[in-house]
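This report concerns only the one structure given below.
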Amino acid sequence: MLHGSCYLTHRAPSGSKVLATGLLEMSLGKFRNVLLNETNPVEAVIRNIASNVTLIIFQAHAQQKDVTVSFDKFPSTNNSATGADRGLISILRPQQSICTWYLQSLEANQVFSTAVSIPYTARDPIPGGCNLEFNLEVDPNIYLEYNLVDTRIKFAPANLGSTRGESPPSCDSGTGQNSRWRLHYDIYQYFLPENDLSEITLMSHLRKMSDVKSIKANGVKMITLTTNDKTDAYFSSLPGQGVIYNIIVWDPLWNTSAAYVPAHTYACSLATPVDNCLSPTKLPTKIFFTILAVLGLFICFFGHRFWKTDLFYMGFIFMGLFFFVLITRVTNLGYDVCLILAAVAGIVGGLLLVAYWWRFGFVPLCMVLVGLMLGLLFSSVIFFTPLGDYRVFRDDAVFWVTFSCIALMIPVVFVGCPRILNILACGIVGSYSAVLAIACYLYTSLAYITLDLLRRVLKNDFSRAYTNVPFQTNDFIILAVWAMLALGGVTVQLRRERGEVPFPPHPYRIWKRERERRSTNILDPSHHVPPLRERIHNKLLQIGELFRKEQAAGERTPLLL
């Protein structure tokens, strides 16, 4: 219901009507879409509030532009909150049945947003009721910071609830069971549909993370904090993937709960023309992984038959990864330069491994590297599961010891059958390169199997981040493609290599044996092969004959007298 002499109706992206300017009549727990601008604040009003309601959290959300929520028509630092996801708490006085808030944006153009008010009663905790860090006296907001590696959320501690007209307990009244120290904080995470950056999708899914009941039904509980813990948490950033965070504060004595204001992020910019959410992957990365995928698919089906190409591929990945980490940690070079230098180092490493095989032909040492590559991928898959978010693995020593043991287990298990080990490595590692190439063009969580490992190596404090990722339709399809490629590659190679020697003979020994045979066996036609200089001279003469003009037909020799 709209009141006021000046208001307009517009169409939201979903086709529902939204308020442009004027007075917005709201109902508790009901979402309303509204168009905001800088010059005409919207007044939101709730009437006929029940007497058992002691506080109301009013919140407004926009996709990328900031909105301001205030108690006054002229906002100030202490009576307003500004951001993409912001809210205010109104603690009701006795007999109060009406609440008013004001909404506006910081943009001259209209900003589409959605607003809702959530009621709570006397025994429910007060989110942000013991705020000492932010501007508002009672601050129910979640403050979110992100970079390409991790995302941090911060919030103010809550306080115990109270009846109307009664002051809430002091935040410093003690640490017993009758104080705020008994409260627990459950942090929830909710993923938006993959590859969907639309505004209306965000607004519709924010409704699933705004009140306690909806959060428990739709979100995933990541961590539980007590009052003794710091009021912040870290998560792995997923550029291009929408994520909504919210916190439920729980009072174990009364078994009551209240929710903070949800906050969302895409871990990227929706407005910048370059490196935005629509194309978060850089062009050099796309080129690099596309080439790697082409070579990887060849290795997946033909790697064991083309043994030297297989060695080059494994050496390229190992040395490229090693030098990328080394260059990134010890220098301040940009990402593109580090990637190019790592690619050059990988090429050199692959060629050196092939040269080592040609000269010494020591299969066990080569297979240690091949098995290690398969072991690293297998161990990364293990920690990609929810097992990787166990608190014990926050400790770097425990994580790296466990990770290394799992990785080394693969070459140890297959020590007696190196051919099978190599074929498995070719099929699984080679096909995974196709997954990485797909991730450059289409979001998939499977890329974070190795990316989160790389983040942990490069950033010292990444161990504090929770690495949960969505697993939706795209991921199931790409996982099925990966499994079929790996299974197909392993099956094809096992059938082709049946009855063949496990590995090709040592090239250097064959060459040396042939040279000795030719030098001692004069009946061997190869024994009479001319020197290299003479062979080159004869070849040039043959080429020259092709361009020489033919002589005229007739007598070609003088007559004998």
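The condition of being over 23 Å from the mean Cα position of the chain (by Cα), at pLDDT 95 or above and not small (Gly, Ala, Ser) holds for only one of Tyr190, Tyr245, Tyr185, that being Tyr185.
A single entry from Leu351, Leu341, Leu333 fulfils the requirement of being open to solvent by 50 Å² or more (accessible area, probe 1.4 Å), more than 16 Å from Val429 (Cα to Cα) and not in a helix (DSSP H, G or I): Leu333. Per the listing Leu36, Leu2, the residue uniquely touching a strand residue (DSSP E or B) at 6+ places or on another chain (Cβ under 7 Å) and either in the same structural domain as Glu199 (by the TED database) or at pLDDT 90 or above (or both) is Leu36. The set of residues from region 221-242 being over 24 Å from Ala439 (Cα atoms) and within 21 Å of the chain's Cα centre (by Cα) comprises Lys221, Met222, Ile223, Asp232, Ala233. So in region 487-514, with the set limited to residues that are closer than 21 Å to Leu297 by Cβ and surrounded by 15 or more Cβ atoms within 10 Å (Cβ to Cβ), which one is modelled with the lowest pLDDT? Among residues in region 487-514 that are closer than 21 Å to Leu297 by Cβ and surrounded by 15 or more Cβ atoms within 10 Å (Cβ to Cβ), the one modelled with the lowest pLDDT is Glu497.
For the condition of a type outside the set (A, V, I, L, M, F, W, C), modelled with pLDDT under 95 and closer than 15 Å to Thr231 by Cα, Arg164 does not qualify. Return the residue satisfying two criteria in turn: it lies in region 178-188 and is in a strand (DSSP E or B) and either of a type in the set (Ser, Thr, Tyr) or open to solvent by less than 50 Å² (accessible area, probe 1.4 Å) (or both), and of such residues it is nearest to Arg207 (Cα to Cα). Per the stated criteria, the residue is Tyr188.
Checking each residue of region 285-299 against the condition of being on the phi > 0 side of the Ramachandran plot and out of contact with any helix residue (DSSP H, G or I) (no Cβ under 8 Å at 6 or more places or on another chain) gives no match. Tell me, please, whether a residue that is surrounded by 15 or more Cβ atoms within 10 Å (Cβ to Cβ) and in contact (Cβ under 8 Å) with a residue 24 or more places away in the chain can be found in region 271-279. Checking region 271-279: at least one residue is surrounded by 15 or more Cβ atoms within 10 Å (Cβ to Cβ) and in contact (Cβ under 8 Å) with a residue 24 or more places away in the chain. Region 51-126 holds strands (runs of 3 or more DSSP E) entirely within its bounds, and those carrying 2 or more residues that are among the hydrophobic types (A, V, I, L, M, F, W, C) and modelled with pLDDT of 90 or more map to 55-62, 67-70, 85-91, 99-105, 111-120.
The single condition among (1) over 17 Å from Ser170 (Cα atoms); (2) crowded, with 16+ Cβ neighbours inside 10 Å that Cys130 does not satisfy is (1).
Okay, residues lined up against (1) within 26 Å of Lys459 (Cα to Cα); (2) open to solvent by less than 20 Å² (accessible area, probe 1.4 Å):
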| residue | (1), (2) |
| --- | --- |
| Tyr190 | yes, no |
| Pro193 | no, no |
| Asp211 | no, no |
| Ser214 | no, no |
| Leu238 | yes, yes |
| Gln241 | yes, yes |
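Taken across region 366-375, residues that are without any contact (Cβ under 8 Å) to a residue 12 or more places away in the chain and either outside the structural domain of Lys308 (by the TED database) or not charged (D, E, K, R) (or both) do not occur at all.
Here Ala12 qualifies as open to solvent by less than 20 Å² (accessible area, probe 1.4 Å) and either among the aromatic types (Phe, Trp, Tyr) or at pLDDT below 85 (or both).
The rows are residues; the columns are (1) open to solvent by less than 10 Å² (accessible area, probe 1.4 Å); (2) touching a Lys or Arg at 6+ places or on another chain (Cβ under 6 Å).
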position	(1), (2)
Trp101	yes, no
Glu107	no, yes
Thr114	yes, no
Tyr143	no, yes
Lys154	no, no
Asn159	yes, yes
Thr163	no, no
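If you check Thr163, Thr201, Thr224, Thr175 for being assigned to a strand (DSSP E or B), on the phi < 0 side of the Ramachandran plot and hydroxyl-bearing (Ser, Thr, Tyr), only one passes: Thr224. Residue selection: Lys221 fails the criterion of being free of Cβ contacts under 8 Å to residues at least 24 places away in the same chain and either open to solvent by 50 Å² or more (accessible area, probe 1.4 Å) or of a type in the set (S, T, N, Q) (or both).
Across region 243-267, the qualifying residues are those that are open to solvent by 10 Å² or more (accessible area, probe 1.4 Å) and either among the small types (Gly, Ala, Ser) or without any contact (Cβ under 8 Å) to a residue 40 or more places away in the chain (or both), and the one among them that is farthest from Ala447 (Cα to Cα) is Asn255. The condition of being touching a residue at least 12 places away in the same chain (Cβ under 8 Å), surrounded by 21 or more Cβ atoms within 10 Å (Cβ to Cβ) and assigned to a helix (DSSP H, G or I) holds for only one of Phe289, Phe322, that being Phe289.
The values are calculated or read from the model by the stated rules, or taken from the named source; none is laboratory data. Quick caveat, the model's predicted, so the values are computed rather than measured. As a convention, Cβ positions derive from the backbone with ideal geometry for all residues, glycine included, and neighbour counts pool all protein chains shown. Side chains included, ligands, DNA and RNA excluded: accessible areas come from the protein's heavy atoms. Shrake-Rupley method; radii C 1.70, N 1.55, O 1.52, S 1.80 Å.
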